[in-house]
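Enquirer: I have a structure here, written as structure tokens, and I will follow up with some questions on it.
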Amino acid sequence: MATPHIAASPGDFSDIVLMPGDPLRARMIADNWLEQAKLVTDIRNMYGYTGYYRGRRISVMAHGMGIPSLSIYATELIREYGARTLIRVGSCGAIAPHLQLQDIVIAQGAGTDSKVNRMRFLDHDFAAIADYALLAQACDAARRLHYPVHVGNVFSADLFYSAQPEMLEKMEKMRILAVEMEAAGLYGLAAEYGASALTVLTVADQIRGGASLTAAERQHSFGRMMEIALTAALE
Ligand code: ADE
């Protein structure tokens, strides 16, 4: 049965779902990385596809921008469509000065200024962390592929346009690698429903330096991130 936001039939999704923010990225992943990919939902143009990668059935569905949007799609995928492994593949803004454009960040944990995990956890602080097996598999895949990655804490911000210099300084001091907008929500949600989650990111901009990726550079680094995410998902 369809949910309010996903128009697929039972069994249309794999238990493994890769989740980019952008629906056109979902289509691009289906077209370029999956075999026999079929569109399974398109409500609000939030495309979801299911196909095969190295013989394993895998789905890809966009989650939109920010924790509220991601939470709607991820919850319905888990509760109604049997998703057990959710891997966000997205972009981030670098905070740590040693991060370069196109570098790959694997979010071991995620802090946030969102209240969602407190809402889930009786107003206490929840340590929003990646599933360890997925994290280890992603790190192993990156090592085997000779792709350098940065593994550590990210910050999931509710506001994209909020750069307070004091907060940026504090994040750098506290070893936050990068800012994005969803990982903490995904990790809290996965914990609540007993699912496994990971976030793999490409550095698209340097928040303090002001540099950002060109379209061609985005494409190139995106490929490495996908290889890492797909290899981790299959193991
Ligand atoms: N994703 C990519 N760049 C970002 C930024 N600067 N802030 C939040 N999320 C991002």
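The values are calculated or read from the model by the stated rules, or taken from the named source; none is laboratory data. On a predicted model such as this, the values are computed, not experimentally measured, just so you know. With ideal geometry, Cβ positions are generated from the backbone for all residues, glycine too; neighbour counts draw on all protein chains shown.
Enquirer: Six or more apart or on different chains, Cβ atoms under 6 Å: show the pairs whose first residue is in region 5-29 and farther than 15 Å from ILE58 by Cβ and whose second is modelled with pLDDT of 95 or more and among the polar types (S, T, N, Q).
Expert: From region 5-29, the pairs are ILE6/THR41; ALA7/THR41; PRO23/ASN45.
Enquirer: Turning to a different aspect of this structure: Restricting to region 23-46, name every residue that is over 18 Å from GLU227 (Cα atoms) and of a type in the set (Asp, Glu).
Expert: ASP42
Enquirer: While we're on this one: Going residue by residue through region 160-173, is there one that turns out to be surrounded by 20 or more Cβ atoms within 10 Å (Cβ to Cβ), part of a loop (DSSP other than H, G, I, E, B) and within 16 Å of the ligand (Cβ to nearest atom)?
Expert: No - not one qualifying residue is present in region 160-173.
Enquirer: To continue, here is another question. Determine whether ALA74 is crowded, with 20+ Cβ neighbours inside 10 Å and touching a Cys at 6+ places or on another chain (Cβ under 9 Å).
Expert: Criteria not met by ALA74.
Enquirer: Is there a residue in region 128-136 that is within 20 Å of ALA204 (Cα to Cα), away from the ligand (no atom under 16 Å from the Cβ) and touching a helix residue (DSSP H, G or I) at 6+ places or on another chain (Cβ under 6 Å)?
Expert: no
Enquirer: For region 83-120, which positions are more than 15 Å from ALA204 (Cα to Cα) and exposed (fewer than 15 other Cβ atoms within 10 Å of the Cβ)?
Expert: Hits for region 83-120 are ASP113, LYS115, ARG118, MET119.
Enquirer: Another question, if that's okay. I'm checking my understanding of the structure. Among residues of region 174-206 that are crowded, with 19+ Cβ neighbours inside 10 Å, part of a loop (DSSP other than H, G, I, E, B) and not acidic (Asp, Glu), which one is farthest from the ligand (Cβ to nearest atom)?
Expert: In this case the residue turns out to be ALA195.
Enquirer: Of everything in region 210-235 that's touching a strand residue (DSSP E or B) at 6+ places or on another chain (Cβ under 8 Å) and not in a helix (DSSP H, G or I), which residue is farthest from TRP33 (Cα to Cα)?
Expert: Among residues in region 210-235 that are touching a strand residue (DSSP E or B) at 6+ places or on another chain (Cβ under 8 Å) and not in a helix (DSSP H, G or I), the one farthest from TRP33 (Cα to Cα) is ALA211.
Enquirer: Moving on. For region 52-111, how many residues are more than 16 Å from the ligand (Cβ to nearest atom) and in a strand (DSSP E or B)?
Expert: Summing the residues that are more than 16 Å from the ligand (Cβ to nearest atom) and in a strand (DSSP E or B) in region 52-111 gives 13.
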